[in-house]
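Worksheet: the structure to be examined is printed underneath.
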Amino acid sequence: MKFETLAIHAGQEPDPNNGAVMTPVYLTSTYMQDGVGKPRQGYEYSRTMNPTRKALQDCLAALEGGAFGLAFASGLAATDTVLRLLDAEAHVLAGNDVYGGTFRLFDKVLRRFNLDFTFADTTDPESVADALTPSTRLVWLETPTNPLLRVTDIRAVAEVVHAHPNNPLLVVDNTFATPYLQRPLELGADIVVHSMTKYLGGHSDVVGGAVIVRDKELADKLYFLQNAVGAVIGPMDSFLVLRGIKTLPLRMDRHFENATAIVEFLEKHPKVEKLIYPFHESHPQYKVAKHQMKNGGGMISFLIKGGRESAVRMVEATKIFTLAESLGGVESLIEVPAAMTHLSVAGSQLDVDPSLVRLSVGIENKDDLIADLRQALDQA
């Protein structure tokens, strides 16, 4: 089936008891068993499995071209669970432009459990090869990255990583692209991670995370950790993500349409010092993005002339763009990453330019969005 059909039907069938078309929300913590140690259809406790969550997990697996999906309470809960696959003293290589929350988890939390982290430029496969060590067990990519929208050639990096004697796991955070635009498992990744809070949910009304794999042995280890650690998503939130996914292709196309129009506006504006968008010819990984992604998505970053003060004045002056963290919803959002989503990387090698503005372009009328940005830039 094509992606648009899978987004609506994968993992979901009309209820066999009453024909309900939408997946029911199973608000139950436990299940009656048919006998001692005989759970009905495998359900015994909702931390272990819940029918609404299972429908979501099966849908996620289908959309990413995987075989097994796991849903979590947040993107960071998913990330943390993946890292628990590793033993103490393992080395992790990550991109030097990862999400601030990912950096905080790696650098401020997991280092205390004797995991070693190195941050390198993953857009250069040679830099990845040079940064691998005899202890490397996992390589973590974001592409496009948050907030600088750097694009890594997943297939090229996968070849480097899997040629290493340890055959480290290659993990790709596919939050910005979504499976509609990019399929990392088909390009050589072992694990795909999402913050479902963003484009998959799509309506800024749910927090969730996802992990998708193809290998059964790897899936079994992750299912064990999902149950043992317990950071699972609830049935109501699972339902909200399932509902959001049904319109994912339509929304992503509209995000791209609006972003394209805004890019054309920003590239000519005298107060924009540097425009960053994967499908703009000025982007250093433009050719990789065009080859690897279906379209450029709805995220735009730019440096504004006048430094931090101008950035703050601009983002506080918008009327349609909402000054808020997060991204990927139907409504347009604006932020200054250095003071908001990426404050946790201040002073580190991942430090973000304080004049950087990040846009999450929504699905409103593009002319209204451009008019809002124009008047806000006039006040910067």
Answer yes or no as to whether TYR199 is closer than 28 Å to ASN365 by Cβ and at pLDDT 95 or above. yes
Mind checking which residues of the stretch 127-147 are in a loop (DSSP other than H, G, I, E, B) and either of a type outside the set (A, V, I, L, M) or at pLDDT below 95 (or both)? THR133, PRO134, SER135, THR143, PRO144, THR145, ASN146, PRO147
Here is a list of conditions, (1) over 22 Å from GLU217 (Cα atoms); (2) free of Cβ contacts under 8 Å to residues at least 12 places away in the same chain, and VAL25 meets all of them except one; can you say which number that is? (2)
Go through the stretch 164-216 and report how many residues are free of Cβ contacts under 8 Å to residues at least 60 places away in the same chain, of a type in the set (Val, Ile, Thr) and not in a loop (DSSP other than H, G, I, E, B). 1
Go through (1) touching a helix residue (DSSP H, G or I) at 6+ places or on another chain (Cβ under 9 Å); (2) under 24 Å from TYR180 (Cα atoms) for HIS269 and report which single condition fails. (2)
Assess whether VAL272 counts as being among the aliphatic types (A, V, I, L, M), within 30 Å of TYR45 (Cα to Cα) and out of contact with any Cys (no Cβ under 7 Å at 6 or more places or on another chain). no
If you check VAL352 against the conditions, is it β-branched (Val, Ile, Thr) and surrounded by fewer than 21 Cβ atoms within 10 Å (Cβ to Cβ)? no
Mind listing whichever residues of the stretch 59-76 are under 20 Å from LEU225 (Cα atoms) and assigned to a helix (DSSP H, G or I)? LEU60, ALA61, GLY75, LEU76
Test ALA55 against the stated conditions and say whether it is at pLDDT 95 or above and touching a Ser or Thr at 6+ places or on another chain (Cβ under 6 Å). yes
Can you give me the number of residues within the stretch 29-58 that are surrounded by 12 or more Cβ atoms within 10 Å (Cβ to Cβ), in a loop (DSSP other than H, G, I, E, B) and within 29 Å of the chain's Cα centre (by Cα)? 5
So ILE8 passes all but one of these: (1) assigned to a loop (DSSP other than H, G, I, E, B); (2) more than 30 Å from VAL98 (Cβ to Cβ). Which condition number does it fail? (1)
Within the stretch 91-126, residues more than 22 Å from the chain's Cα centre (by Cα), surrounded by fewer than 19 Cβ atoms within 10 Å (Cβ to Cβ) and not in a strand (DSSP E or B) come out as ARG111, ARG112, PHE113, ASN114, GLU126
In the stretch 139-172, how many residues are under 25 Å from ASP351 (Cβ atoms) and among the aliphatic types (A, V, I, L, M)? 8
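The values are calculated or read from the model by the stated rules, or taken from the named source; none is laboratory data. Just so you know, these numbers come straight off a predicted model, no measurement behind them. In this analysis, Cβ positions are derived from the backbone assuming ideal geometry, glycine residues included, and neighbour counts consider all displayed protein chains.
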